[in-house]
Amino acid sequence: MTKLIAGNWKMHGTAADLGEVHAVAERAAELAGKVEVALCVPATLIHRAVETVPGFAIGGQDIHANENGAHTGDCSADMLRDAGARVVIVGHSERRDAHREADADVRAKAESGLAAGLRVILCVGESDAEREAGRAVDVVTAQLAASLPRGNTAALRAPGLDVAYEPIWAIGTGKVPTTADIAEMHAALRQTLLAELGPDGSNVRILYGGSVKSSNAAEIFAVPEVGGALVGGASLKAADFLPIVEAGAV
C-alpha cells in the first residue's frame, strides 16, 4: 500500500502559517502516486487551509461521536466535513489522557467519522511503565481491539481506516523504540486487525508515530508493516516535514 504521512499540528497554527500548508501541498502534488500526505490542523484553520490548497487532504484532530447536541466547544464529524476536512484523528493519547477518553469513546468517534465520509486515523499506544513491565504488546493490541469501529466494513475501504501506533513515552521526547520493537508491535497489530475485521484487516495501514524526523524516517519506513507516519512537531514546518514525506515516497 502507498504510505500515508500525516502531520498533526496539535494546538499550533493560525492564518500566518498557511504558507507552510501550501509548501507541503505543492510538494505532495509532485509526489502524487508515490505517497499520500495529509495535515491535521486546528479546527479554526481547516476551512482556510482547504481554500488555500484545494484538493489537498486537510484533516481535524478530534470529533464528538454525536451528530449534534448540547456539547459546548465540540465539533461533529459532519461539521469537519462541511469545513472541507477529509481526515480526522481519533484516540490520540493526549485525548485519552487529558480528556479521559475510553476505548468505547474512541470507537464511537471512529464510527462517526467513517459514517460522515472521513478517513479515520485511530491512535493506540502504551506508557513507559507498561513497556517497562513487559506489557506493551498486550496493552496496545487490547486497546486496538476495543477501539475498532464495527458494523460498516465497506467504510473501512472508502473513505478508509488507518491505525497509528504511538508509544506515549516517545511522543515529543526524542526517544524512539528500536526497529525490532516497532516490528514486533506492528506485526501484533496486523494480527489483531485480521482477527477482529477479517480480510478487511489487511486493508488498514499501520502508521508509526513518536519522534519521527528526517534523520530516522527512512529506517522506520523500512520496518515491515509500517505503512507511514503520524508526525507531530516535525510537521509544523515544511522544511522539517517534507524530508519525511520524501522518505515515504521511496
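The values are calculated or read from the model by the stated rules, or taken from the named source; none is laboratory data. Bear in mind the structure is a predicted one, so any value in this text is a computation, not a measurement. Cβ placement follows ideal geometry from the backbone for every residue including glycine, while neighbour counts extend to all protein chains displayed.
Tabulated data for the structure shown
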read-out	value
Test: Val212 is aliphatic (A, V, I, L, M), within 15 Å of the chain's Cα centre (by Cα) and assigned to a loop (DSSP other than H, G, I, E, B)	yes
Close pairs from region 205-217: first without any contact (Cβ under 8 Å) to a residue 60 or more places away in the chain, partner charged (D, E, K, R) and assigned to a loop (DSSP other than H, G, I, E, B), Cβ under 8 Å, at least 6 apart	Ile206/Glu225; Tyr208/Glu166; Ser211/Lys175
Which listed residue, of Ala229, Ala187, Ala217, is closer than 23 Å to Met1 by Cα, in contact with a Phe, Trp or Tyr (Cβ under 6 Å, 6 or more places away or on another chain) and surrounded by 14 or more Cβ atoms within 10 Å (Cβ to Cβ)	Ala229
Qualifying residues in region 4-34 (those that are part of a loop (DSSP other than H, G, I, E, B) and either of a type in the set (A, V, I, L, M) or free of Cβ contacts under 8 Å to residues at least 24 places away in the same chain (or both)) - the one surrounded by the most Cβ atoms within 10 Å (Cβ to Cβ)	Leu31
Condition check for Val245: among the β-branched types (Val, Ile, Thr), part of a helix (DSSP H, G or I) and either modelled with pLDDT of 95 or more or touching a Gly at 6+ places or on another chain (Cβ under 8 Å) (or both)	yes
Among the residues listed as Ala145, Ala108, the single one being over 16 Å from the mean Cα position of the chain (by Cα), closer than 15 Å to Glu196 by Cα and modelled with pLDDT of 95 or more	Ala145
Within region 36-73, considering residues that are within 18 Å of the chain's Cα centre (by Cα) and among the acidic types (Asp, Glu), the one nearest to Ala115 (Cα to Cα)	Asp62
Which numbered condition His92 misses (of (1) free of Cβ contacts under 8 Å to residues at least 60 places away in the same chain; (2) of a type outside the set (Lys, Arg); (3) at negative phi)	(1)
Members of region 35-53 that are closer than 13 Å to Lys10 by Cα and part of a loop (DSSP other than H, G, I, E, B)	Val41, Pro42
Search result, residues across region 193-209 that are out of contact with any His (no Cβ under 8 Å at 6 or more places or on another chain) and crowded, with 21+ Cβ neighbours inside 10 Å	Leu193, Val204, Leu207, Gly209
Some residue of region 167-175 being among the small types (Gly, Ala, Ser), surrounded by fewer than 16 Cβ atoms within 10 Å (Cβ to Cβ) and within 24 Å of Gly248 (Cβ to Cβ)	yes
All positions within region 35-55 that are surrounded by 19 or more Cβ atoms within 10 Å (Cβ to Cβ) and more than 23 Å from Asp74 (Cα to Cα)	Val35, Glu36, Val37, Val53
Filtered residues of region 77-98 (kept if crowded, with 20+ Cβ neighbours inside 10 Å and among the small types (Gly, Ala, Ser))	Ala77, Ala85, Gly91, Ser93
